[in-house]
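Here's the structure, in structure tokens; my notes come after.
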Amino acid sequence: MRRGTELLGCEVAILGGAMSWISERNLVSAISNAGGFGVIACGAMSPELLDTEIAETKTRTTRPFGVNLITMHPQLSELIDVCARHGVGHVVLAGGLPPGGAIERIKASGAKLIAFAPALALAKKLMRSGVDALVIEGMEAGGHIGPVSTSVLAQEILPVVAGDIPVFVAGGIARGEAVAAYLEMGAVGVQLGTRFVCATECIAHPNFKKAFLRASARDAIPSVQIDPRLPVIPVRALKNREMERFAAKQREVADLLDKGDIEMAEAQLQIEHYWAGALRKAVIDGDVEAGSVMAGQSVGMVTREEPVADIIRELVDEAAAALDSRT
């Protein structure tokens, strides 16, 4: 884990997964203050909103934290400028290969660049592009997911690239024993999202947290793609009315594509904005039926509300005990 902590500048190489509306100033600063590494979820934020969020996070922690940017955001360039202006030390890029020049501009600001690699070929391409670290996230995760499980990705990617670049593993991790196992396989740390939702410092609505505490692993299901021409990235969330309604939204957007009313990029953006709104409805307003309750399959292991520091301490203790038992 030392390679991970040296890269991040924190005590424990546990990244907070960037969750829209959830990974904001309060949770991010709490994770960093507890020795982990908080990451602001920029999501669909405007540059002005991100500017405020970074400034507010800085008033709550003096420790390092990062900012997660989505490569398909139409204002990615301006968001990179905001991060540079604030001297953000780490930028986490999600959503595939970034547009030309983005990697160079982030690196030029002095920030370390961490990127998501859902396949070995993409991992190698990102390495050639000069990223400083990778996150490999399996389909057990909450929110946007890829098609391959964490355990398979770890076996496929870690042995090939872990010697050359620091790699964090994400998706379905909720206990220290799993952390220890991935460290033994060559990872330098892990990323957790679902486990932090029921942290005391998390601003999610009590109804949202209650849904997590009641759920089992099998309740966190992926959304279904209705139209093969519309490349909708699946989203994992707790099954409710909203998951069914998403099918209708896809049909609506596909219909606009058919008529030539919108371009493909705009269609994808509409889907993204839809998810952002549905998630806000659940996280902030507490409507867990008409909103999207994004959760990973590890939700079944979230059993109580507790401070972030206790969550991180428990993970570290479990991982240490697991490693001790092997010697």
Checklist entry - How about segment 279-327: which of its residues are over 21 Å from residue 45 (Cα atoms), out of contact with any helix residue (DSSP H, G or I) (no Cβ under 9 Å at 6 or more places or on another chain) and of a type outside the set (Lys, Arg)? => result 310, 324, 325, 327
Item to check | Count - residues of segment 158-173 that are of a type in the set (Val, Ile, Thr) and either over 13 Å from the mean Cα position of the chain (by Cα) or at positive phi (or both) | outcome: 4
Checklist outcome for this item: Exception for residue 154 within (1) open to solvent by less than 40 Å² (accessible area, probe 1.4 Å); (2) within 16 Å of the chain's Cα centre (by Cα) falls at (2)
Checklist entry - Which pairs have Cβ atoms under 7 Å, sit 6 or more apart or on different chains, and link a residue in segment 37-51 that is closer than 10 Å to residue 82 by Cα to one that is open to solvent by less than 30 Å² (accessible area, probe 1.4 Å) and in a loop (DSSP other than H, G, I, E, B)? => result 50/42
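Residue-wise test of (1) farther than 25 Å from residue 303 by Cβ; (2) crowded, with 20+ Cβ neighbours inside 10 Å; (3) hydroxyl-bearing (Ser, Thr, Tyr).
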{"residue": "140", "(1), (2), (3)": "no, yes, no"}
{"residue": "150", "(1), (2), (3)": "no, yes, yes"}
{"residue": "159", "(1), (2), (3)": "yes, no, no"}
{"residue": "163", "(1), (2), (3)": "yes, no, no"}
{"residue": "177", "(1), (2), (3)": "no, no, no"}
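Each row is one residue, and each column tells you yes or no for (1) within 20 Å of residue 175 (Cα to Cα); (2) open to solvent by 10 Å² or more (accessible area, probe 1.4 Å).
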residue	(1), (2)
272	no, yes
281	no, yes
286	no, no
292	no, no
297	yes, yes
300	yes, yes
314	yes, yes
321	yes, yes
Checklist outcome for this item: Note: among 217, 204, 211, just one is of a type outside the set (Val, Ile, Thr), touching a Leu at 6+ places or on another chain (Cβ under 7 Å), open to solvent by less than 60 Å² (accessible area, probe 1.4 Å) and at pLDDT 90 or above, namely 211
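Within segment 122-129, does at least one residue satisfy the condition of being closer than 18 Å to residue 48 by Cα, of a type outside the set (S, T, N, Q) and buried (at least 16 other Cβ atoms within 10 Å of the Cβ)? Talk me through it step by step, then tell me what you get.
The initial filter retains those residues of segment 122-129 that are closer than 18 Å to residue 48 by Cα, namely none.
So far as segment 122-129 goes, no, none of its residues is closer than 18 Å to residue 48 by Cα, of a type outside the set (S, T, N, Q) and buried (at least 16 other Cβ atoms within 10 Å of the Cβ).
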Checklist entry - Exactly one of (1) touching a helix residue (DSSP H, G or I) at 6+ places or on another chain (Cβ under 7 Å); (2) over 26 Å from residue 177 (Cα atoms) is unmet by residue 272. Its number? => result (1)
Checklist entry - Is it true that residue 190 is touching a helix residue (DSSP H, G or I) at 6+ places or on another chain (Cβ under 6 Å), among the β-branched types (Val, Ile, Thr) and free of Cβ contacts under 8 Å to residues at least 40 places away in the same chain? => result no
Checklist entry - Identify, please: which residue in segment 232-264 is part of a loop (DSSP other than H, G, I, E, B) and touching a helix residue (DSSP H, G or I) at 6+ places or on another chain (Cβ under 7 Å) and is, among those, most open to solvent (accessible area, probe 1.4 Å)? => result 239
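The values are calculated or read from the model by the stated rules, or taken from the named source; none is laboratory data. Keep in mind it's a predicted model, so treat the numbers as computed, not measured. FYI the Cβ positions are ideal-geometry reconstructions off the backbone, even for glycines, and counts take in every protein chain you see. Heavy atoms of the whole protein, side chains included, go into the accessibility calculation; ligands, DNA and RNA do not. Shrake-Rupley method; radii C 1.70, N 1.55, O 1.52, S 1.80 Å.
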